[in-house]
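One structure is given here, and the rest of the page talks about it.
The values are calculated or read from the model by the stated rules, or taken from the named source; none is laboratory data. In this text, all values refer to a predicted model and were calculated from it rather than measured experimentally. Every residue, glycine among them, receives a Cβ derived from its backbone with ideal geometry; neighbour counts consider all protein chains shown. The protein model used for the area step is the full one, side chains on, heavy atoms only, and it has no ligands, DNA or RNA in it. Shrake-Rupley method; radii C 1.70, N 1.55, O 1.52, S 1.80 Å.
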Amino acid sequence: MAGPAELSARLVERLAEAGDIGPGWREPFDTVLRHRFIPDTVWVPEQDRLVPVRRGDDEDAWLELCYADDYVITQVDDGALSGHEVTSSASRPDVVAQMLTALQAEPGMSVLEIGTGTGWNAALLAERLGSGRVVSVEVDPALAGRARRVLREAGHRVTVVTGDGALGHRPAAPFDRVIATAAVKRVPPAWAAQTRPGGRVLVPWATDFHNGALVSFLVSGDGTMRGRIVGNVAFMLVREQRGKRVLLARDVRHEAQARESSTCLHPYDVLGEYDVSLAIGLKVPRCKPIVEHHGPGAYTLWLVDPWSGSWARLDHEPGAERFPVRQYGERDLWQEVADAHRWWDALGRPAAGRWGLTVTPDDQYVWLDAEEQRIG
Ligand SMILES: C[S@@+](CC[C@H](N)C(=O)[O-])C[C@H]1O[C@@H](n2cnc3c(N)ncnc32)[C@H](O)[C@@H]1O
């Protein structure tokens, strides 16, 4: 099997060929080897759980994961030895490259990164922007400590702060750029407050229904920032905004008391395409979709509000044109989703790039095309 230098060169070539690496970023990608930042134990999905792959057991398998076109799971359940939930990862290389390009950062600028994780993204930033220009905040003390050490050993002078990235890092503010590598539903106003007027803040933004959209904000002098959706990215949520995890076995109760109806709106039409599921997420809060597969073409779309205990299920059978719906609880979740679909349709089915988000020191709101067209 090829060694790390060759695997890295091949990965960077693939990124370049796909057009993911923006001007000025090729050299950092050539120089900063991803495997140096990946811990010796990583995790891969196997059926419904995550299993470890240890470098010491199988160096080739580990190295292959380090240089695949995919994210690498580096921590589960906040550091537990076995787990179900990904709590840290090295992001997908194409997403990293696209986000660094979208950040529009130039050598000499100062950058605040939220979510240090492995430190790979921070190293790429430091390689391009220069020594001492990057501050990175990581909430998990073990991850922060490891990234601090690995960055130092690799020769990058990055300040790694252990703490809640939602607060930014006031001692080093103002920054020219802020880049979040964990998603938020509510965008912290501190990121605007700690960025120079005219600076940019790049944020993976999620709703309970849809994860997620990349928003590129421009900061104005009054602590407000406005931005549009510029990409389609899915990141884990920051620790404090994870909300409730849905467990069907726990959250779907009282099946016998469900209200029954049917619909001819296909489940794919509300969830299958990025533009529509993004729009539905803007309209239907506290609603998490889960698809449960039963066999070829047979599946259930669950909509669950774990806060109120409401749920809906829509069952899809291959070839069917009408689908049975069952709903329980104070909310008619399927109805809300179908209404949101109708609303999006009546608006002319706007694509993701037409939505914008404004964040003020004490509010956040979504608009279509122009800030005056605010949606409720
Ligand atoms: C997708 S990973 C980041 C990947 C990282 N940039 C890299 O290059 O490896 C998201 C990280 O955000 C961290 N995180 C979650 N909530 C946070 C918070 N409130 N403040 C700072 N970091 C947070 C997680 O612990 C995790 O390490």
Exactly one of Pro52, Pro141 is under 22 Å from Ala180 (Cβ atoms) and either within 19 Å of the chain's Cα centre (by Cα) or open to solvent by 10 Å² or more (accessible area, probe 1.4 Å) (or both), and that one is Pro141
Note on region 179-201: residues surrounded by 21 or more Cβ atoms within 10 Å (Cβ to Cβ) and closer than 14 Å to Thr224 by Cα are Val187, Pro188, Trp191, Ala192, Gln194, Thr195, Gly199, Arg200, Val201
If you go through Arg196, Arg128, Arg157, the only one that is within 24 Å of the chain's Cα centre (by Cα) and touching a residue at least 12 places away in the same chain (Cβ under 8 Å) is Arg128
Counting only residues that are open to solvent by 90 Å² or more (accessible area, probe 1.4 Å) and not in a helix (DSSP H, G or I), region 1-39 contains a total of 2
Does Glu127 satisfy the condition of being more than 8 Å from the ligand (Cβ to nearest atom), acidic (Asp, Glu) and either closer than 24 Å to Val86 by Cβ or in contact with a helix residue (DSSP H, G or I) (Cβ under 7 Å, 6 or more places away or on another chain) (or both)? yes
Only unsatisfied item for Val158, checking (1) away from the ligand (no atom under 14 Å from the Cβ); (2) farther than 30 Å from Leu303 by Cβ; (3) crowded, with 23+ Cβ neighbours inside 10 Å, is (1)
Might you check whether a residue that is among the aromatic types (Phe, Trp, Tyr), loosely packed, with under 13 Cβ neighbours inside 10 Å and over 30 Å from Ala90 (Cβ atoms) occurs anywhere in region 255-274? yes
How many residues of region 291-336 are surrounded by fewer than 17 Cβ atoms within 10 Å (Cβ to Cβ) and farther than 20 Å from Gln257 by Cβ? The answer is 14
When restricted to Ala258, Ala213, Ala173, the only residue among the aliphatic types (A, V, I, L, M), touching a residue at least 40 places away in the same chain (Cβ under 8 Å) and not assigned by TED's automatic domain parsing to the domain that holds Glu113 is Ala258
Taking region 84-94 and keeping residues surrounded by fewer than 17 Cβ atoms within 10 Å (Cβ to Cβ) and more than 13 Å from the ligand (Cβ to nearest atom) leaves His84
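Matching residues to (1) more than 8 Å from the ligand (Cβ to nearest atom); (2) on the phi > 0 side of the Ramachandran plot:
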| residue | (1), (2) |
| --- | --- |
| Asp69 | yes, no |
| Gly79 | yes, yes |
| Val96 | no, no |
| Pro107 | yes, no |
| Gly115 | no, yes |
| Thr162 | yes, no |
Expected single match for more than 16 Å from the ligand (Cβ to nearest atom) and not assigned by TED's automatic domain parsing to the domain that holds Gln194 among Gly227, Gly223, Gly281 is Gly281
